[in-house]
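First comes the structure, then the notes that go with it.
Derivation of every value follows stated rules applied to the coordinates shown; laboratory data play no part. Values in this document were obtained by computation on a predicted structure and should not be read as measured data. Glycine also receives a Cβ, built like all others from the backbone with ideal geometry; neighbour counts cover every protein chain displayed.
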Amino acid sequence: MSAGKLPLVALVGRPNVGKSALFNRIARRRLAIVEDTPGVTRDRLYTEVEWSGRRFGLVDTGGYVPRPQDPLTEQVRWQAEQAVQEADVVVLVVDAQTGRVPADHEVAEVLRRSGKPVVVAVNKVDTPGEAAGAAAEFFALGLGDPVPVSALHGLRVGELLDRVVAYLPAPTPEEVEEEPVRVSVVGRPNVGKSSLVNALVGSPRVVVDERPGTTRDAVDTYLRHRDRPFVLVDTAGLRRRARVTESLEFYSVRRAEQALERSHVAILVVDASEGVTDQDQRIAREVTERGKALVVAANKWDLVKGPLAEERVKQLYHALRHVAFAPVLFVSAKTGRNVARLLDAALRVDRAHALRVPTGPLNRAVEAAEAAHPAPADARGRPLKIYYATQVSTRPPTVALFVNHPEVATEAYLRHLEARLRERFDFEGTPIRFVLRARRPRRGNRE
């Protein structure tokens with residue numbers, strides 16, 4: 001590990017709270033010796049890990065004893081203090097099973113004086129329903145919202161790493177790599193998402209590299225396709241909030257929503273043998289409302305035969321007409337049909353999601369759209385006039401329209417503008433947003 005180039009995250013805490021088990025869980029391999037005996041870890045142990053496209057060093061320390069009684073314990077404490085001094089972010093690991101003890105407060109005070117960002121990890125929360133209660137008492141440490149985790153089962157370790165990565169310093173030139181295409185595989189339960197992810201990972205054109213992931217969380221799989229890095233996130237089935245009742249299901253759905261937020265592209269998996277449902281339509285709408293690019297995978301196509309195939313195709317395109325810009329592939333995770341093409345489609349829509357159109361060509365396209373379709377007018381007969389257009393952001397592409405009367409613009413006319421922009425520029429798979437801004441006409445111009 002290049003310790004001098006990568007940011008460093010230190011795991012600290014009193015003895016026997018599960019720091020080494022958490023270290024192994026994040027590293028995804030058994031590097032630290034884990035025993036239910038205080039003081040097993042004495043020296044600092046380093047490894048290099050990656051999460052959400054950020055690489056950083058991770059260091060495991062021995063149990064921190066505030067007032068050591070012997071030279072060996074004093075040395076262990078010194079090693080832990082050195083790790084804190086070197087670290088960019090510190091994770092304070094505490095034990096949910098023993099609860100908050102005075103030693104936790106003493107370690108917390110030391111970390112508070114260090115001035116380093118600190119995330120509290122409440123370990124050994126091995127039952128999902130216990131998460132909220134187990135974390136609550138550790139608010140008293142005064143170090144922000146604790147994150148309940150289970151190093152043993154991997155529960156909520158992804159949420160912990162999300163918090164850690166948010167505190168890391170900006171990447172150095174040595175650390176910067178090509179941004180991966182972040183793809184969430186979403187859909188209602190039991191449509192074959194995990195089978196499709198497994199089929200993608202098993203494609204002979206894809207090189208798979210396992211990175212930290214979590215059980216019952218959204219699991220990240222790092223791979224390369226056509227020389228581009230991808231992060232593939234297999235999520236729990238998305239359900240309506242009203243139908244989420246059990247604690248485990250609640251956390252799974254919440255992680256799925258967070259995984260979608262961390263992604264640029266969503267592959268919406270629908271069950272072609274059943275046809276598109278109301279919930280499929282709702283999820284497609286949710287994806288685009290969140291500004292994500294979209295690819296539709298009609299899975300289980302091997303089960304659709306004969307005249308039913310034509311019927312299913314018509315029903316799918318009609319049901320998903322509100323996201324007609326999204327490419328649709330008819331696939332089978334079971335047979336491998338069109339599976340590899342899904343990553344090609346994800347790559348295309350990711351490029352469209354990041355596309356920035358120069359101001360000149362954009363205004364010419366808007367002027368052509370105005371000439372092709374009369375602008376709407378208000379009750380007094382004043383027509384909408386677009387003076388100027390400019391793209392203000394990407395992911396998703398967002399266009400600011402400077403107009404005379406923003407309230408006159410109708411949804412139908414904005415859909416017309418969107419259609420004309422899609423004809424002129426490659427916005428496949430990505431939503432386009434418009435921001436209307438009022439502007440007075442230049443002197444000498446008439447509305």
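Is any residue of the range 267-291 close enough, with backbone N under 17 Å, to a label point placed 7 angstrom from the Cα of Gln315 along the Cα-Cβ axis, and if so, which? Inside the label zone: 269-282. The Rg/Rh ratio of the range 359-438, with both radii computed over alpha carbons and Rh defined as the Kirkwood radius, is 0.94. Shown for His416, His105, His353: other C-beta atoms within 10 Å of each C-beta, ranked fewest to most, produce the order His105, His416, His353.
By the rule of a C-alpha distance below 19 Å, with chain neighbours fewer than 8 residues away ignored, the lysines paired with Lys300 are Lys193, Lys314, Lys334. Applying the Kirkwood pairwise sum to the alpha-carbon positions of the range 321-386 produces a hydrodynamic radius of 15.9 angstrom. Stretching the chain fully between Asp126 and Glu106 yields a gain of 4.6 nm (0.36 nm per residue, less the alpha carbon separation). Using the Cβ-Cβ distance between Glu411 and Ala354 with R0 = 22 Å, the FRET efficiency computed as 1/(1 + (r/R0)^6) comes to roughly 0.25. Extension gain for the segment Arg28 to Ala166, taken as residue separation times 0.36 nm less the Cα-Cα distance, is 47.6 nm to one decimal. Compute the FRET efficiency between Ala368 and Ser195 as 1/(1 + (r/R0)^6), taking r as their Cβ-Cβ distance and R0 = 35 Å, and round to the nearest 0.05. Computed FRET efficiency for Ala368 and Ser195: 0.15. Note on Glu289 and Glu137: the model spin-label points, each 7 Å out from Cα along the C-beta direction, lie 4.0 nm apart.
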